[in-house]
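The values are calculated or read from the model by the stated rules, or taken from the named source; none is laboratory data. Just so we're clear, the structure is a prediction, and the values are computed from it rather than from any experiment. Note that each Cβ is placed from the backbone with ideal geometry, even for glycine, and that neighbours are counted across all protein chains shown. Keep in mind that these areas ignore ligands, DNA and RNA; they rest on the heavy atoms of the full protein, side chains included. Shrake-Rupley method; radii C 1.70, N 1.55, O 1.52, S 1.80 Å.
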Amino acid sequence: MLRNSFLFYFLFFSLSIAAQQNYNSKNLVVSAADVENKKYPKDSTANAFYIFEKGYSRVENGRNYNLLTDYEAKIKILNERGYKKATIEILLYKDKDRKERVKDLIAYTHTLENGKIVKTKLEEKNIYTEKYDKNFSIIKFTFPKLKAGSVLTYKYQLESPFMYKFNGWNFQDDIPKIHSEFKADLPGNYIYNVRLVGPLKINSRDEKLIKQCLKVPGGGHSDCSRNVYVMKDIPAFITEKYMTAKENYLSRIDYELKEYKGFDGSNKKYTETWKSVDNKLKKEPTIGIQLKKVGATKDLLPNDLQALPNDLKKAKAIYQFITKNYTWNKKNDIFRLGNIKEVIQNKVGNVSGINILLHNTLKQQRFEVFPVLLSTRDNGYATKLHPVIADFNYLIVQLRLEGKTYLLDATEKFLAFGEVPFRCLNQYGRLLDFSKGSKWVEIQPQRHSTCFFKEKLTLNDDLTIVGNSTRAYFGYHASRKRKNDLQKGIENALAKLKKRHQNINASNINIKNQNNTEKPYQENFDFVNGIEKIEDLIYISPFTEVFFSENPFKLNERTFPVDFGFKDSYSYQVSIDIPENYEFVDIPKNVAYAIPNKMGMVSINSQKNGKNLILNHRILFNSPYYPIEYYSILKEFFNLIVKIEKDTVITVKKIS
């Protein structure tokens, strides 16, 4: 009897667990399980999630042939931290004469009260319209009577006169989704470039032809291609360190109008070839026209600089002259602003103004240079499938000299020659050559950027550590140090350094090469540090400052690659001397760990020579970019780094 009771309990418990997970992800109807369940089984960290989401975009006869999109969603709020998902914002676009509109907006909050599902409707007076900027407004509302466990449902229709802006669909959001579905009826006379973006896979895709879906007066008609996309069990997109723009990786569908075929036989192409785009850029007032103004820089350089032979030394001198005498106004606006005559006169300009000035000055001195358009890291990748000029928001310069190429940007005063700002490290750009045609070029530093720490520690009889530290920074580490520490002057930089090391009583602090970007940025200081003694053992922590105090990678799953921007390396060499009447008891073991395919390594090794111990610690990243499949490897790799730097201890004891 007891056994049968246990079996009944086990079956009941199993069915209860199954019921908890049985959300209704098929439609907008709120089931008992939707409101009763208290967690999302596939992500224990979720505070809210979509149970169901659906969209349908098409053109209907008789509706001014506008683009209509029906949207509906059902969201589960698990706890108070998920309340922010109860505020909905709908972005609407407008131009001078036309604008998008929202119709038939209905929203309900569903809560469980005394075992029953209670619906509370959103009142129309609590729906607000706010101006966002000159081209956008926002419809905004918050669901009423919200509490943990609530289920939110809402739907509306978006009507848009902008057929060239056929609505895309974001499958991924910052919270998970059980089911997301999008249906699009594309009229045959509108030809779109359709892109599936992101690493997640579509669970199902259905395509069929709808005959004569669109009719116009006079007998014209068009067939439609109906595409239905479904994605399930979609993880949340959580931003993390070492990534470029979210738009590069968010799993979604994008549409871009390629060509329109009118019912009257007219034909208009929206997507062009690079050849036609090059011709337009050549005539573009802020790009091509400014690049022709080489003569404006004829008297810009001092005579002694102009007299130098056309070698690397002269190219560096011209670059330094521009960076020293002209200032970037922090604006890009490469297709709106930029006139090098105004830059020369005012000594201030936007990014294209400053860098076209650099380009033209080098060209006037008969160097071989080309402008390069790119999209910055926070702006997303420029598509390579076809020309989209709006994707680009930045301009730099390529110099070809003595068989080598150099990428230059004169907007930053702390960059070494041949470096571009970190914001530009977005893999590739488009080099403009108006005689031979434009082409894609890589924008990736070839050399490692390096942090090199060298310290000498001496244990005294009074059980203090006296030391000297020299720290050298190369590449992007150097430019960051210069930019962050020197903007308010050298005295401020020295004060920051002393404050950073006040726990080890740093003194005699000095900084070298603070303004010489051709050499490493270098810090040097003396210090006095304490030790820990337990019974007769002395514990010495050899690293006075760690490279990584914590693991930057914390997600259970990351759906986008790791992009450091540049190859990176860290080296720490420590020499420890102890008195004659002391001996080393325990020293670190020599260990090394490698990332597969020679993509990186971390190591620590020690060498004892009498009363001296040399400790070497090295971290190496041989690639600026690591695909998604490397995430778990990198996560464990950083765990090892943090453990080495935190737990490495040397023990010493007195022997007489």
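Among the candidates S266, S251, which residue alone is open to solvent by less than 60 Å² (accessible area, probe 1.4 Å) and without any contact (Cβ under 8 Å) to a residue 12 or more places away in the chain?
Of the residues listed, the single one that is open to solvent by less than 60 Å² (accessible area, probe 1.4 Å) and without any contact (Cβ under 8 Å) to a residue 12 or more places away in the chain is S266.
Of all the residues that make up region 487-516, how many are open to solvent by less than 80 Å² (accessible area, probe 1.4 Å), closer than 26 Å to A416 by Cβ and either in a helix (DSSP H, G or I) or polar (S, T, N, Q) (or both)?
Residues flagged as open to solvent by less than 80 Å² (accessible area, probe 1.4 Å), closer than 26 Å to A416 by Cβ and either in a helix (DSSP H, G or I) or polar (S, T, N, Q) (or both) within region 487-516 amount to 10.
Among G610, G600, which is modelled with pLDDT of 95 or more and either surrounded by fewer than 16 Cβ atoms within 10 Å (Cβ to Cβ) or touching a Phe, Trp or Tyr at 6+ places or on another chain (Cβ under 6 Å) (or both)?
Unique residue meeting the criteria: G600.
Can you run down the residue pairs with Cβ atoms below 6 Å, 6 or more apart or on separate chains, where the first is in region 634-647 and under 21 Å from K598 (Cα atoms) and the partner is in a helix (DSSP H, G or I) and open to solvent by 30 Å² or more (accessible area, probe 1.4 Å)?
That search, which allows pairs on different chains as well, returns nothing.
From K298, K283, K330, K275, grab the single residue that is modelled with pLDDT under 95, closer than 28 Å to I389 by Cα and over 32 Å from the mean Cα position of the chain (by Cα).
K283
Name the residues in region 444-464 that are surrounded by fewer than 20 Cβ atoms within 10 Å (Cβ to Cβ) and part of a strand (DSSP E or B), would you?
T450, F452, K454, K456, T458, T464, listed by residue number.
Here is a yes/no grid of residues against (1) under 16 Å from G188 (Cα atoms); (2) aliphatic (A, V, I, L, M); (3) in contact (Cβ under 8 Å) with a residue 60 or more places away in the chain:
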position: K208; (1), (2), (3): yes, no, no
position: K211; (1), (2), (3): yes, no, no
position: L214; (1), (2), (3): yes, yes, yes
position: S222; (1), (2), (3): yes, no, no
position: D233; (1), (2), (3): no, no, yes
position: F237; (1), (2), (3): no, no, yes
position: E240; (1), (2), (3): no, no, yes
position: E247; (1), (2), (3): no, no, yes
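When region 54-89 is examined, which residues are found to be open to solvent by less than 20 Å² (accessible area, probe 1.4 Å) and in a helix (DSSP H, G or I)?
G82, A86
State all residues of region 293-347 that are under 17 Å from L399 (Cβ atoms), outside any loop (DSSP other than H, G, I, E, B) and either open to solvent by 70 Å² or more (accessible area, probe 1.4 Å) or without any contact (Cβ under 8 Å) to a residue 12 or more places away in the chain (or both); if no residue qualifies, say none.
Across region 293-347, the qualifying residues are K313, Q320.
If I filter region 90-98 for residues that are among the aliphatic types (A, V, I, L, M), under 30 Å from D185 (Cβ atoms) and surrounded by 15 or more Cβ atoms within 10 Å (Cβ to Cβ), do I get at least one hit?
Scanning region 90-98 turns up at least one residue that is among the aliphatic types (A, V, I, L, M), under 30 Å from D185 (Cβ atoms) and surrounded by 15 or more Cβ atoms within 10 Å (Cβ to Cβ).
Going by the structure shown, is V562 in contact (Cβ under 8 Å) with a residue 12 or more places away in the chain and either touching a His at 6+ places or on another chain (Cβ under 9 Å) or within 24 Å of I604 (Cα to Cα) (or both)?
No, not satisfied.
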